[in-house]
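Since every read-out is calculated from the coordinates, none of them should be taken as a lab result. For clarity, every value in this text was computed on a predicted model and none was experimentally measured. Methodologically, a virtual Cβ is constructed for each residue, glycine included, from the backbone with ideal geometry; neighbour enumeration extends over all protein chains shown.
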Amino acid sequence: MAEAINRGPLTERNRLIKENRIADYASPNLALGMEPVVFAAGSSRWLWKAQPAGALNPFGTLQGGYLAVFVDELLSTAIASVLEDGEWAMTAEFKINFLRALTPAPLEGSARVLRRTRTLAFLEAQIATESGQIAVTASSTWAVMKG
């Protein structure tokens, strides 16, 4: 028989995002220099002030996989802000567009929930350079579950 999964820690994590308790937010990706700026109802905003050398490809530009990790942080904190106690969500799919090559420099990312139903949520995200040029866009669908 399958053992029940304890989602209590996830509910607490969603609650701290809903309450904009940025200082209490933990993620292994913070070690990469990614940092949340604000969590709001249905949205999140992050900064990535400096990228580690390991996030660069041989051409000296940021690897797309690291940008996808940044997008995932943006999306996951945006969706968490609209989940009720006992709900959780997982990425069903996401599409990412790299509009320009990025060299190491401060980046700002934002995400928002476009629509939330009982079982699905649709989100979008973008990453911009310090000068405001949009460098990455993403769209995503999340499955929302209870229990």
| Can you give the longest stretch of the chain with no exposed loop site, where a site means GluC sites (Glu not before Pro) in a DSSP loop (not H, G, I, E or B) with at most 14 other C-beta atoms within 10 Å? | 20-83
| query | Antiparallel DSSP bridges in the chain: what percent, to the nearest 5? | reply | 100
| task | Compute the acute angle (0 to 90°) between the alpha-carbon long axis of helix 64-80 and the principal axis of greatest extent of the alpha-carbon atoms of the chain; round to the nearest 10°. | result | 30
| Which ordering of M34, M90, M145 is given by a fewest-first count of other beta-carbon atoms within 10 Å? | M90, M145, M34
| Looking at [x] -0.42, -0.66, -1.02; [y] -0.46, -0.74, -1.19; [z] -0.92, -1.05, -1.19, which value of log10 I(q)/I(0) by the Debye sum over Cα atoms at q = 0.11, 0.14, 0.18 Å⁻¹ comes from a calculation on the structure shown? | [x]
| request: Arrange the following residues from fewest to most other Cβ atoms within 10 Å of their Cβ: T91, T119. | output: T119, T91
| message | Below 8 Å between Cα atoms, with a sequence gap of 6+, how large is the relative contact order for segment 1-112 in percent? | response | 33
| Nearest 10 degrees, 0 to 90: helix 8-18 Cα axis against the chain principal axis | 60
| request: Please go through segment 1-106 and write out the trypsin sites (Lys or Arg not before Pro) that DSSP classes as loop and that have at most 14 other C-beta atoms within 10 Å. | output: R21, K49, R100
| message | I need the chymotrypsin sites (Phe, Trp or Tyr not before Pro) found in segment 50-134, filtered to DSSP loop residues with at most 12 other beta carbons within 10 Å of theirs. | response | F59
| request: Could you calculate the contour length gain from I96 to I134, that is, 0.36 nm times the residue separation minus the distance between their Cα atoms, to one decimal place in nm? | output: 12.4 nm
| remark: If D72, D24 are placed from fewest to most neighbouring beta carbons inside 10 Å, the sequence is D24, D72
| So what is the 222 nm mean residue ellipticity for the chain from helices alone, if each DSSP H run of at least 4 adds -39500 (n - 2.57) and you divide by all residues, rounding to the nearest 500 deg cm²/dmol? | -6000 deg cm²/dmol
